[in-house]
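Colleague: After the structure tokens below, expect a handful of questions from me.
Every number here is computed from the coordinates shown, using simple stated rules; none is lab data. The structure presented is a predicted model; accordingly, all values stated were derived computationally and were not measured. FYI the Cβ positions are ideal-geometry reconstructions off the backbone, even for glycines, and counts take in every protein chain you see.
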Amino acid sequence: MRAIAHRAALWLAALGIAACAPQAPAPPAARVAYAPTRHLILISFDGFRYDYIHRPAATRLRELAARGVRAERMVPSFPSKTFPNHYTIVTGLTPEHHGIVANAMRDSALGIFTLRDTLAQSESRWWGGEPIWVTAEQQGKRAAIVGWPGSEAAIKGTRASWWSRYNHEQPRAEKVQMLLDWLSLPPAQAPSLLVAYFHEVDGAGHSFGPSSPQVDTAIAQVDSALGAIMDGIAARGMTDRVDIVVVSDHGMTPVAPERAIVLDDLIDMADVDVIDWNPVGAIEPKPGAMERVYTRLRGAHPALQVYRKGEVPAHFHFNAHPRITSLVLVAADGWTITTRAQVARWRENDWRGGGNHGFDPDLISMGATFVGAGPSFSVGRELAPFRNVHVYPLMAHILGLRAAPSDGSLDSLRAALR
């Protein structure tokens, strides 16, 4: 949303007038008596591996952790990809239960879903479960969101009171100011739940690898944004009324051209539709080709596991949903599922490696970040590793909401609370 439209909507909301911003509906007038005393800010740093907090640039994140709790690592859901895990964090459901089973997927009724398809982003039928902002809005509390997967759809007929179309080029400073402006609204208008997404660390990790100086630069960028949020809260005298939860969706591992599984060296590509590639291959064999493809792939490469639907290992929780393909390919840590044509492009472009994620969530390299601080949290406590399905019931508890059914449990994170 443009900054002018955003500030106009805030001004109108402060007067109790319904703002006419098509992408950011104003709070209904019927809820004018609503007045939150606490706020929860959920922030995602995409691709912020569990150990990045120890990098020199993460000074404000370490400061926040010292004031609250930090997980040794948070374990993603399978596949350890961006959209499945962002949606798991806000619903408490594994991908096989909420339906966002990959960044690219196919549905027999809805067609193809991709990250760049804005129509798919706003189609509520892709998005199962109940995200935390829907839980809040349906129980009389307001939510405001900057860029989180799923927030553009009217899930269960409900959107956040404030939301905007995802804009990859939106400046970090603008996102920070939006959060602080929302917190500055009169109590009768301000949201209880504020949600924001930052992409920078993931992009640097993919392009240059997790150990690169470019990742350090990206860490400094998002850490500075976090610091501005913390300082803005303090300047408003709200530190004792605002909980902050910082998460990431997954970690990052180095990849290189010499660690390639070339799929068309193993099977006839005319026998399959490839819905998603790497490092989890979503493969749909053509009619009559299932056993031939499965037999050729099974044991064909030491860094590749292949599973028929229904036979994916139980700890992946990846068998039940109809969008899961008939064959699921899983590469070993640091390996890439690719084609001869892609390998040729690597050579042409002199690609020497970078980073990736999506692998087995239990791998240390896939470990994600969790930090929580504020009036609801214990102080100075490190939490044992836990799965990201438990974040939703924790947030519902902090907000005083009745949590929707999920795969998570508040009991798993009670140690995080005062």
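Colleague: If you fit an axis through the alpha-carbon atoms of helix 340-349 and take the longest principal axis of the Cα set of the chain, what angle between them do you get, 0 to 90°, nearest 10?
Modeller: For 340-349 against the chain, the angle is about 60 degrees.
Colleague: Net charge around SER406, counting only other residues with Cβ within less than 15 Å of its Cβ (Lys, Arg = +1; Asp, Glu = -1)?
Modeller: Net charge in that neighbourhood comes out at -1.
Colleague: Once both labels are modelled 7 Å past Cα along the beta-carbon direction, what's the ILE112-ASP350 spacing in nm?
Modeller: That separation, rounded to one decimal, is 3.3 nm.
Colleague: For the charge dipole of the chain, defined by +1 on Lys and Arg C-beta atoms and -1 on Asp and Glu C-beta atoms about the Cα centroid, which residue among VAL330, PRO187, ALA396 has the Cα displaced farthest towards the positive pole?
Modeller: PRO187
Colleague: Sticking with this one: Give me the distance in nm between label points sitting 7 Å out from Cα along the Cα-to-Cβ direction at ALA235 and ASP51, one decimal.
Modeller: 3.7 nm
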